[in-house]
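Each value in this text was obtained by applying a stated rule to the coordinates, not by laboratory testing. Please read these numbers as outputs of a predicted model, since none were measured by experiment. We place every Cβ from the backbone using ideal geometry, glycine too, and count neighbours over all the protein chains shown.
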Amino acid sequence: MPEPRIDSAALIRETEQFAAQNYDPLPVVLCRGEGIWGFDVEGRRYLDCISAYSALNQGHRHPRIVAALIEQAGRLTLGSRAVHNDRMGPFLAQLASLCDMGKALPMNTGAEAVETAIKLARKWGYRVKGVPRDRARIVVCRNNFHGRTTTIVGFSSDSQYRDDYGPYGPGFDIVDFDDPAALAAAIRPETVAFLVEPIQAEAGVIVPRDGYLAAVREICSRHKILLMIDEIQTGLGRTGKLFAFEHEAAARPDVLILGKALGGGVYPVSAVLAARAIMDVFTPGDHGSTFGGNPLAAAVASAALDVIVDEKLAERAERMGRRLYQGLEAIASVSVKSVRGRGLLLGLQIDPATGTARDLALELLARGVLAKDTHVQVLRLTPPLVIDEAGVDWLLEQLAAVL
C-alpha cells in the first residue's frame, strides 16, 4: 500500500515540542513495519537493525502474533487478577515448560520483572535462607543495565542512569563483570542473590569469557544464593540459543527474567520464572500488577513463543549471525577496532579517531539501515531473527559502503 506523504521534519518538531526529552532518536519517523523492514512517513524503507532492543525478534507484525492479538481482542482484553481468565494458565504452563521452570509470575515490562525478581530474592532470603530482617544483599555487575526504575538505577554504575535520582535503596554490591573471583569475594552471610546479564548488551555487547556463567553457577550453589539471569534482551533466540545461558551447559539459573520478545513486538509482556520452592514464598497480596497476566497479553505471548519454536528462530539466529559476523570481519576497516557478540546480537567497536558510532548510524540511515549507537563508540546490530541470507548480504553491502 502507498505510504502517506507526510513531512517527517514537522512530526519531529511536534514530538520534540511536547515530549519529555529523555531520548535522542534518529531523525526518521516510522509509520509501518513488516518483517525485517520499517517504512517512514515519506515512503522510504529501512532494514531494522534495532528491533526495539530485541522486542522484535519475530519481526514487525508477524501474522500469527497479530492474528492472536485480534482474535483475543474480540473476546476479552482485560479482567482482573481478582478473577481467573482462560488464557493465563495455558500460557504460563507453556512458558514454564519451555523454560523448564516450575512457576512463572507474569508482569508487563522488563524493569517490572527485574523489580519482581529482587522482591522474590529478598523474601526467599528471609523466609528460606534465614537472613536477618532488612539485611538482605544482592550482588550485581558493574556496567549492568536492568532497567530505569529508582531501585535499579540505584545499583547502576553509569552516571547517566544514576545521577540526580538518589537517595538510592540499600542492599546491593557491585562487582566486575566476567570475574568469578570478584563475585566470590563479595558474598557475605546476608547475600541472597547474584543478578547478571549473560551478555551486557547495553554496555556495548560485552561477551564474557567461556566458562564465566558456569563458574558463577558453582559459586552461587556453594554459597546457597540465587543465580538470577536477566535474559530480557538476550533471551528467546537472540544469541543463537533459546537462552544465552544455554551456551554453557552448567549455567542454569535459579531465577530467569524475560521480557521484550515475549510480547512478540505487539504488546508488553514480561515474566519471572523459578522453581516452585522459590516462587512459593509469594502469598496472595505480596505482589501484583493490574495488567500482568491479562488475557490479551497471554494470548499474544503464547503466539510469540509458538513462532520462536515453530520457525526455529534461535537456530536461524545462529546461522544468520555467523554469516553476519564473518561478513563484518571480512569488511572491517581501520575504523572498526573489534566485532563482538553472539548470534544476531553484534557490536562494532568504532575507533574514536575516525568518528563515533552515532556518525556511522547516521550514514547507515541514509542508506536505509536503522542501527543504534551505545556508549558512544559501539554500534549495535540486532536485526529481527526472521532475517534471511539476502537480508544479511544487503546489510553487509551497506556497511561495506560506509566503512
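Worth pointing out:
- Which label in (1) 61, 54, 43; (2) 81, 51, 45; (3) 72, 51, 34 gives the computed Cα extents along the principal axes in Å: (1)
- Taking a straight Cα-Cα cut-off under 24 Å and skipping sequence neighbours fewer than 8 places away in the same chain, the lysines within cross-link reach of K337 are K372.
- Burial order of peptide ranges 361-370, 257-266, 325-334, 242-251 (average beta-carbon count within 10 Å, highest first): 257-266, 242-251, 361-370, 325-334
- Alpha-carbon spread of the stretch 1-85, three principal axes, descending order, Å: 47, 30, 25
- Added length on full extension, which subtracts the Cα-Cα distance from 0.36 nm per residue, I174 to R322: 50.0 nm
- Overall dimensions of the stretch 219-262 as given by Cα atoms, namely Rg and Dmax in Å: 11.0, 33
- K224/R61 FRET efficiency (R0 30 Å; Cβ-Cβ; nearest 0.05): 0.05
- Residues in the stretch 373-403 that a label on D24 would reach, taking backbone N under 18 Å of a point 7 Å out along Cα→Cβ: 373-380
- What the Kirkwood sum gives for the stretch 195-283 is a hydrodynamic radius of 13.7 Å, with every pair of different alpha carbons counted.
- Cross-link reach list, lysines versus K224, counting only Cα pairs under 19 Å and skipping chain neighbours closer than eight places: K119, K123, K129
- Bridges between two residues of the chain, per DSSP, are antiparallel at a rate of about 65%.
- Charges were assigned to the Cβ only: +1 to each Lys and Arg, -1 to each Asp and Glu. The resulting dipole of the chain about its Cα centre is roughly 1140 debye.
- Fully extending the segment from S8 to A390 would add 134.6 nm, taking 0.36 nm per residue of separation and subtracting the current Cα-Cα distance.
- Ellipticity estimate at 222 nm from DSSP helix runs (n ≥ 4, -39,500 (n - 2.57)) divided over the chain, nearest 500: -10500 deg cm²/dmol
- FRET efficiency for the T150 to S97 pair, using the beta carbon distance and R₀ = 30 Å, is estimated at 0.30.
- For C31, distant residues with modelled amide H under 5 Å away: F39, D40, V41
- Partner aspartates and glutamates whose Cα lies under 18 Å from the Cα of K103, excluding those fewer than 8 positions away in the same chain, are identified as D86, E112, E115, D230, E231, D254, D280, D286.
- 3J(HN,Hα) couplings calculated from phi for the stretch 200-206 with the Karplus curve 6.51 cos²θ - 1.76 cosθ + 1.60 (θ = phi - 60°) are, in sequence order, 7, 5, 5, 6, x, 6, 8 Hz; Gly and Pro show x.
- Extension gain, T354 back to H84 (0.36 nm per residue minus Cα-Cα distance, nm): 91.4 nm
- Förster radius 35 Å - calculated FRET efficiency between T15 and A401 (Cβ-Cβ, nearest 0.05): 0.70
- The smallest convex shape that holds all Cα atoms of the stretch 321-403, its convex hull, gives 78 Å³ per residue.
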